[in-house]
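Q: This is the structure I want to talk about, given as structure tokens.
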Amino acid sequence: MTDNQENKLRMYFTVSAICDCNAELWADNEVFVADYKRFESKIPQIEKCRDLMKIENIITGSIKSFDRFELEEMAFYMSGKILSFAKESGNQALFAEVRNNRDNLVNSTDIELIGICDVLADQASTNLNQLLSFDITTESIASLQQHVSLFYVNINRAKSSHLKTKTADEQLRKLFKESDELLRNKLDNDIEFYKSSDPEFYGQFKTARIVIGLEPSTMNEIRKMVSAIN
């Protein structure tokens, strides 16, 4: 979430805590009850979207990055072995086809890296008998191909996670918009009923509505207060 959204969520928690602490004052006010319940129901929905986005971002970043790094290392190793064979045998065409330095691998796109690995696996298989003395085996070729397949799966998984994150972000924006409208168009009007009869509740509500940028420790206290009330 953005800093602005985080600050708004903190304000929502504060408003919720103030209203719950003063529930006996508005429990018989059907209009206030209906508007508040609609507003309150938005908070866990916002938290759910926020948590989903965090999880998907972690999955996308950690798994894909780890698999890519390992694949780059395997490609660099096999490329070096095939290059040594090509140089020793004078096969200039093969040398040019499989020549890959670290920068080339690191700066390649995901699809380009897969293409590089496919070429290496194909050339290693074609020249396997001669490459045995360079420590290239059917097992090492199979391992590279397996990692390519896994990496490809994770690319698609990353795309899926990105789509989930995008959907959650759109839902999050919608929930914040609806929550703001409920506060501005409903509860901000409903609280005026208590301006004279219960000025302390009225003042606390008005103060809560402008709370922004609370410290994490303060936010934790608010959450504990809300949990204790509920």
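Just so you know, all these numbers are worked out from the coordinates, no wet-lab data involved. It should be emphasised that the depicted structure is a prediction, and the values quoted were computed from it without experimental measurement. In this analysis, Cβ positions are derived from the backbone assuming ideal geometry, glycine residues included, and neighbour counts consider all displayed protein chains.
Q: Just want to confirm a number: the relative contact order over the chain, from Cα pairs under 8 angstrom separated by 6+ residues, in percent.
A: On the way: 174 pairs, mean separation 94.6, N = 230.
RCO, the chain: 41 percent.
Q: Excluding V31 itself, calculate the net charge of residues whose Cβ lies under 12 Å from the Cβ of V31, where each Lys or Arg counts +1 and each Asp or Glu counts -1. Walk me through the numbers before you get to the answer.
A: Values: positive: K37, R38, K186; negative: D28, E30, D35, D190, E192.
Residues close to V31 contribute a combined charge of -2.
Q: Moving on. For the chain, what is the calculated [θ] at 222 nm in deg cm²/dmol (nearest 500), taking -39500 (n - 2.57) for each run of four or more DSSP H residues and dividing by its residue count? Please report the intermediate quantities before stating the final value.
A: Details: 10 runs with 185 residues, N = 230.
The helix-only estimate for the chain comes to -27500 deg cm²/dmol at 222 nm.
Q: What spacing in nm lies between the two simple spin-label points modelled at V33 and N57, each 7 Å away from Cα in the Cβ direction?
A: Inter-label distance under the simple model: 4.0 nm.
Q: Tell me, what HN-Hα J-couplings in whole Hz come from the Karplus equation 6.51 cos²θ - 1.76 cosθ + 1.60 at θ = phi - 60° for each residue of region 115-120, using x for Gly and Pro?
A: My calculation for region 115-120 gives x, 4, 5, 5, 4, 4 Hz in order.
Q: Checking the table K54/K159; K48/K186; K186/K206; K8/K186; K174/K195; K42/K195 against a 21 Å threshold on Cα-Cα, which pairs fail?
A: On the way: K54/K159 15 Å; K48/K186 24 Å; K186/K206 14 Å; K8/K186 17 Å; K174/K195 31 Å; K42/K195 26 Å.
Too far apart for the 21 Å limit: K48/K186; K174/K195; K42/K195.
Q: Sticking with this one: Ranked by Cβ crowding within 10 angstrom, fewest neighbours first, how are T138, T14 ordered? Please report the intermediate quantities before stating the final value.
A: Values: T138 11, T14 24.
By the 10 Å Cβ count, ascending, the order reads T138, T14.
Q: If you put +1 on each Lys and Arg Cβ and -1 on each Asp and Glu Cβ, how big is the dipole of region 3-229 around its Cα centre, in Debye rounded to 20?
A: The calculated dipole for region 3-229 is roughly 220 debye.
Q: Would you mind checking the tilt of helix 199-208 against the longest principal axis of the Cα atoms of the chain, expressed as 0 to 90 degrees and rounded to 10?
A: Between helix and principal axis, roughly 20 degrees.
Q: Same structure again: At 7 Å along the Cα-to-beta-carbon direction for both Q5 and K166, put a label point, then send me their distance in nm to one decimal.
A: 1.5 nm
Q: Order these by the 10 Å Cβ neighbour count, fewest first: C49, C21.
A: On the way: C49 22, C21 14.
Ascending Cβ contact count within 10 Å gives the list C21, C49.
Q: By the scheme Lys and Arg +1, Asp and Glu -1, what is the net charge of all other residues having a beta-carbon under 15 Å from that of G80?
A: On the way: positive: K81, K87, R99, R102; negative: E72, E73, E88, E97, D103, D135.
Once positives and negatives cancel, what remains is -2.
Q: Going by how many other beta carbons lie within 10 Å of each one, how would you line up V148, V119, fewest first?
A: Working: V148 22, V119 16.
With the sparsest Cβ surroundings first, the list reads V119, V148.
Q: Name the residue farthest towards the positive end of the dipole of region 3-229 from the options L182, V148, I136, assuming +1 on Cβ of Lys and Arg, -1 on Cβ of Asp and Glu, about the Cα centre.
A: Of L182, V148, I136, it is L182.
Q: Give me the distance in nm between label points sitting 7 Å out from Cα along the Cα-to-Cβ direction at N107 and V119, one decimal.
A: 1.5 nm
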